Amino acid sequence: MPPKTERTDKKEVEAVVLDYLQWGYASDRRPLNQRESIIIAVGTDQFKLLELIAKKDVAINLHDKVYIGEEERKHVERVKRRLSYDELTPTAKGELEPVVEKIIAASEGRFVEFYNTAVPISLKMHMLNLLPGFGKKTLTDTLEERQKKPFDSFEDIRARVKTLQKPEKFIRERIMLELENPEEKYHLFTSK
């Protein structure tokens, strides 16, 4: 799985609500009855930050999972645009990290597979080295253990690699780094 370095056109199918602005942005000068309800969300597959337009008279709560695919949508009228991290509301910024943690926990197999299939990027750099705080000792131990037998879960990683007690934390920190810094050269988990 080489790192993602170019923008992908793959669309998100589900997103988790980070913020809900029932009357739209405060800076919107239109009368209240003409404003659209805004949902700020993060996609569950590529962690795209999205601005969605909510359907009228629909109850939306923070951390709700909403369908945004091509079929009939229950909560969302349309996907308006992608957002950068800097465009998020303060509430959305505060909710982003806990939501990313929940997405990682719900998709554990996908991220364990990353530990099993990560490859060298160059002669001196390995994909695992891109995880914040992942040093040479942890890299060596992880590669030795996965060579014996592929990892089954985060718990299996914790049990077999003594220097890697919070494998999901490394993933979360990398995702947050990629979302906060769009100029990051390698995107392992997010879409540019």
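Rule-based calculations on the coordinates, nothing more; no lab input. Just so we're clear, the structure is a prediction, and the values are computed from it rather than from any experiment. Neighbour counts run over all protein chains shown; Cβ positions are idealised from the backbone, glycine included.
Observations on the structure shown:
- For the chain, the relative contact order comes to 25 percent (Cα pairs under 8 Å, sequence separation of at least 6).
- For the range 52-146, the equivalent ellipsoid derived from the Cα gyration tensor has semi-axes of 37, 15, 13 Å, listed largest first.
- Alpha-carbon spread of the range 95-165, three principal axes, descending order, Å: 37, 24, 19
- Gained length - LYS149 relative to LYS74, 0.36 nm times residue gap less alpha-carbon distance: 22.7 nm
- Within the set (i) 134; (ii) 125; (iii) 255, the number that volume of the Cα convex hull per residue in Å³ takes when calculated for this structure is listed as (ii).
- For the chain, the longest principal axis of the C-alpha atoms and the axis of helix 108-117 are separated by about 40°.
- GNM result for the chain, Cα springs below 10 Å: residue of ASN116, ASN33, ASN181 fluctuating most strongly: ASN33
- For HIS126, the shell of other residues with beta-carbons less than 15 Å away shows a net charge of +3, using +1 for Lys and Arg and -1 for Asp and Glu.
- Paramagnetic reach from ASN181 in the range 109-135 [backbone N under 18 Å; point 7 Å along Cα→Cβ]: 121-122, 125-135
- Were the residues from ASP156 through HIS63 laid out at 0.36 nm apart, the gain over their Cα-Cα distance would be 30.7 nm.
- Greater than 22 Å apart at Cα, pairs in LYS10/LYS149; LYS80/LYS192; LYS137/LYS192: LYS10/LYS149; LYS137/LYS192
- Amide H contacts of ALA54: SER37, ILE38, ILE39, GLU77, each under 5 Å away and 5 or more positions distant or on a separate chain (H built 1.01 Å from N in the peptide plane; Pro and chain starts excluded).
- Computed per residue of the chain from DSSP H runs no shorter than four, each worth -39500 (n - 2.57), the mean residue ellipticity at 222 nm is -10000 deg cm²/dmol.
- Top of LYS48, LYS80, LYS149 by mean-square fluctuation, Gaussian network on the chain, Cα under 10 Å: LYS149
- Top of PRO120, PRO31, PRO167 by mean-square fluctuation, Gaussian network on the chain, Cα under 10 Å: PRO31
- Helix 136-148 and the long axis of the chain differ in direction by around 80°, with both axes built from C-alpha atoms.
- If you bin all the Cα-Cα distances of the range 1-94 at 5 Å, starting from zero, the percentages per bin are 3, 13, 25, 24, 17, 11, 5, 2, 1, 0.
- Across the range 89-101, computed HN-Hα scalar couplings (Karplus, 6.51 cos²θ - 1.76 cosθ + 1.60, θ = phi - 60°) run 6, x, 4, 4, 4, x, 8, 4, 5, x, 5, 4, 4 Hz from first to last residue, x flagging Gly and Pro.
- Spacing of the modelled spin labels on TYR25 and THR140, each 7 Å from Cα toward Cβ, amounts to 5.2 nm.
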